[in-house]
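Single-structure report; data block below.
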Amino acid sequence: MKTLTTQIVIIGAGPSGLLLGQLLSKQGIDNIILERMTGDYVLGRIRAGILEQGMVDLLREAGVSERMDAEGEVHEGYEISNNGETTYINLHELTGGKTVMCYGQVEVTRDLMAAREAANLPIYYESTDVQPQNVTSEQPSVTFTYQGEQYEVQCDYIAGCDGFHGVSRKTIPQEKRTEHERIYPFGWLGVLSDTPPVSEELIYCKHDRGFALASRRSANRSRYYLQVPLDDKVENWSDEAFWEELKRRLPADAAAKLETGPSIEKSIAPLRSFVCEPMQYGHLFLVGDAAHIVPPTGAKGLNLAASDVATLYKIMCRVYQQGDKECITQYSEIALRRVWNGERFSWWMSNMLHDYSGVEMADMGGETFSRFMTSELGYYLGSEAGRRVMAEQYVGLPYEELRD
């Protein structure tokens, strides 16, 4: 078995793992990234593209913002259509000047990969049998197989950025963790197309036929979603059927100018709320989807991962620059405060904007719940204070600092 040494092992080369590695490296903190898939596979994951101001600032601090700043689109607001009646949520005005950035997760990942390659920093793609070892000791390690050879990386800390199905969370003994989960009774049918977006900013649509979202990746690439039953199949939806249903759910002015075309990616994603507590076990830290999943309503998934990265980055800087090892105990507490806030916001937005008619619920009928949520949405859209609540949550709460 070959032996390697580093300060921090990062499991997972998605955007959170790559961003953490980039930030640490710029501070002279050694790290190795292990990824079970190929780089091309990682880049093939189609994900969200709305970045909170906090994540934008973090990417700039990491030195990987040049293309984002040149090609990304600053959004000052978004629309909510309530059965055809639209309300504009002016983020810039309601939050004192804050905005969000439209820049795809694939592009964020591509920029981070390029930066790591340019700096010749170690990353082991197609690593198998990855397993954290002795994580509650002062000398943890990670074993893995790479190109047919077995390795052990001796390290100080391990960052589990390997997603919901990764090994990191499962390393925490079941009796030491509590998992909270809600599965939603519908999914999102998503289509990516090389067509001009129907709007310069996002349109969230509540409709009697179900939720829809008009999103975008660039001036010439669109991303659209439809609420569909949880047991629906992609094969049931031709491109023509998708476009026709989307037109029914969009507000009339948007539907009239919708440009359609062949889909270049089509998939159905189930909606889930999930949180694992704690997010730290010994010298192992869970980051992003390894610890929490949110419904995509509200664009919090990637942004919550970024806030985890920001907290762990601050902790590691204090450990290595100030010699304060006790500060690592703050990670789970600080990260979970922001995680639960994002979970609540995504749950709330999902409940207000989706159609629950016909859904069996434990305490009431789906139609009754839908009436409650329709009233809730109408109240918040009709009140400046309500719109401010939506705006403040959407742009993202400030990152919390470590305690002295």
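The values are calculated or read from the model by the stated rules, or taken from the named source; none is laboratory data. Keep in mind that what you see is a predicted model, and the values were worked out from it rather than measured. Note that each Cβ is placed from the backbone with ideal geometry, even for glycine, and that neighbours are counted across all protein chains shown.
If a residue counts only when it is modelled with pLDDT of 95 or more, which helices (runs of 4 or more DSSP H) contained entirely in region 28-122 have at least 1 such residues? Give the steps one after another, and end with the answer.
Numbers: elements: 39-43, 53-61, 66-71, 91-94, 105-118.
Helices (runs of 4 or more DSSP H) meeting the threshold: 53-61, 66-71, 91-94, 105-118.
Tyr356: aromatic (Phe, Trp, Tyr) and either surrounded by 23 or more Cβ atoms within 10 Å (Cβ to Cβ) or touching a strand residue (DSSP E or B) at 6+ places or on another chain (Cβ under 8 Å) (or both), yes or no?
Criteria met by Tyr356.
Out of curiosity, is Glu73 among the charged types (D, E, K, R) and under 19 Å from Tyr224 (Cα atoms)?
Numbers: among the charged types (D, E, K, R): yes; under 19 Å from Tyr224 (Cα atoms): yes.
Yes, satisfied.
I'm trying to understand the selection: among the residues of region 345-398, which are in a loop (DSSP other than H, G, I, E, B) and under 21 Å from Gly84 (Cα atoms)?
His354, Asp355, Tyr356, Ser357, Gly382, Ser383
Being over 20 Å from Cys161 (Cβ atoms) and of a type in the set (Ser, Thr, Tyr) is true for just one of Ser332, Ser370. Which residue is that?
Numbers: Ser332 fails: over 20 Å from Cys161 (Cβ atoms).
The conditions single out Ser370.
Could you name every one of the helices (runs of 4 or more DSSP H) located completely within region 224-329 that has at least 1 residues being under 24 Å from Ser346 (Cα atoms)?
The qualifying helices (runs of 4 or more DSSP H) are 239-249, 301-322.
So for region 210-222 (the condition being in contact with a strand residue (DSSP E or B) (Cβ under 7 Å, 6 or more places away or on another chain), surrounded by 14 or more Cβ atoms within 10 Å (Cβ to Cβ) and part of a helix (DSSP H, G or I)), does at least one residue qualify?
no
Can you tell me which of (1) closer than 23 Å to Leu302 by Cα; (2) surrounded by 16 or more Cβ atoms within 10 Å (Cβ to Cβ) is the one Ile264 doesn't meet?
Tallying (1) closer than 23 Å to Leu302 by Cα; (2) surrounded by 16 or more Cβ atoms within 10 Å (Cβ to Cβ), Ile264 fails exactly one: (2).
Condition check: under 17 Å from the mean Cα position of the chain (by Cα), over 30 Å from Leu381 (Cβ atoms), aliphatic (A, V, I, L, M) and crowded, with 16+ Cβ neighbours inside 10 Å. Does Leu34 satisfy that?
no
Which number in (1) modelled with pLDDT of 95 or more; (2) closer than 25 Å to Asp231 by Cα; (3) not basic (Lys, Arg) marks the one condition that Val359 misses?
(1)
Go over the candidates Ala255, Ala269 one by one and state the one that is within 20 Å of Arg216 (Cα to Cα) and modelled with pLDDT under 95.
Ala269
What about Glu240, is it surrounded by fewer than 18 Cβ atoms within 10 Å (Cβ to Cβ) and within 30 Å of Arg67 (Cβ to Cβ)? Before the answer, list the steps.
Details: surrounded by fewer than 18 Cβ atoms within 10 Å (Cβ to Cβ): yes; within 30 Å of Arg67 (Cβ to Cβ): no.
Considered against the rule, which asks whether it is surrounded by fewer than 18 Cβ atoms within 10 Å (Cβ to Cβ) and within 30 Å of Arg67 (Cβ to Cβ), Glu240 comes out as no.
Could you tell me whether Ser332 is assigned to a helix (DSSP H, G or I), farther than 20 Å from Asn82 by Cβ, at pLDDT 95 or above and touching a strand residue (DSSP E or B) at 6+ places or on another chain (Cβ under 9 Å)?
Answer is yes for this residue.
Hey, could you check region 123-132 for residues that are of a type outside the set (Ser, Thr, Tyr) and part of a strand (DSSP E or B) and say which is farthest from Thr38 (Cα to Cα)?
In this case the residue turns out to be Pro132.
Just a yes or no: is a residue in region 187-209 closer than 24 Å to Gly166 by Cα, part of a strand (DSSP E or B) and either within 25 Å of the chain's Cα centre (by Cα) or among the acidic types (Asp, Glu) (or both)? Step through it out loud before you land on a result.
So the first thing to find is which residues in region 187-209 are closer than 24 Å to Gly166 by Cα, and the list is 187-188.
With part of a strand (DSSP E or B) added as a condition, the list becomes 187-188.
Those left that are additionally either within 25 Å of the chain's Cα centre (by Cα) or among the acidic types (Asp, Glu) (or both): 187-188.
Within region 187-209, one or more residues are closer than 24 Å to Gly166 by Cα, part of a strand (DSSP E or B) and either within 25 Å of the chain's Cα centre (by Cα) or among the acidic types (Asp, Glu) (or both).
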